[in-house]
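> Mind having a look at this structure? Questions to follow.
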Amino acid sequence: MEFANFECNGMSVHAAVLLTLAAVAGASPAPTSAATAAEQWNLLAQLSPSDLSDNHYFGWSVGIDIGGQTLAAASIGTAPADDILASWTGSVYVFSADETGSTWTETTKLGASDAASGMYFGWSVSLALPYLVVGTKGHGAYVYTTHDGGSSWNASAKLTKTGDGQDDDS
């Protein structure tokens, strides 16, 4: 398994996606470094969104549910609804696994309802079914809920800060 060449797609988290998927398989003992990971863990799947293209930074942030069957991965360079003119709006892709964890299927692509250029939707991702929280860079955080195990998601809330109005990372 190669960890050195990311070519923009995946940034530093791409290896974490691969390792997380390996960890779901119950590999033991846990590796102490990426160098030993390839020797101790087995790659189950390498995920890619259905509309991947250059400069999308797929894997910028990743969240996996404790059950190991649902994974959310951000692509901060994508635009929702295939709006190629929007820049750095971001999207989050949700994947579901079969019982063995060897087959993963993209179930949905999420974007902010009020998407704006430079918001970096997916800057951070946290997943704990039935909740998915997606952070942005200075535009708040979005809470989604699912009632079918992760196949479909509903926007539940947008969290924003109060205070001095200074722009900072959410």
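None of the figures in this text is laboratory data; all of them are computed from the coordinates on show. Because the structure is a prediction, the values reported are computed rather than measured. So basically every Cβ, Gly included, is an ideal-geometry build from the backbone, and we count neighbours across all protein chains shown.
> For a quick check: with amide H placed at 1.01 Å from N, whose amide H comes under 5 Å from Thr107's, ignoring anything fewer than 5 positions away on the same chain?
Here the answer is Val94, Phe95, Ser96, since their amide H atoms fall under 5 Å of that of Thr107.
> While we're here: For Gly68, what charge total do you get from the other residues with a beta carbon under 13 Å from its beta carbon, if Lys and Arg give +1 and Asp and Glu give -1?
Cβ neighbours under 13 Å give a net charge of -3.
> Something else about it: Compare the peptides 118-130, 143-155 by average per-residue count of other Cβ atoms within 10 angstrom and give them in order, highest first. Each step should come with its number before you reach the end.
Numbers: 118-130: 20.0, 143-155: 15.2.
Put in order of decreasing packing, that is 118-130, 143-155.
> What residues have an amide H closer than 5 Å to that of Gly118, excluding those fewer than 5 places away on the same chain, when H is modeled at 1.01 Å from N in the peptide plane?
Ser87, Trp88, Thr89
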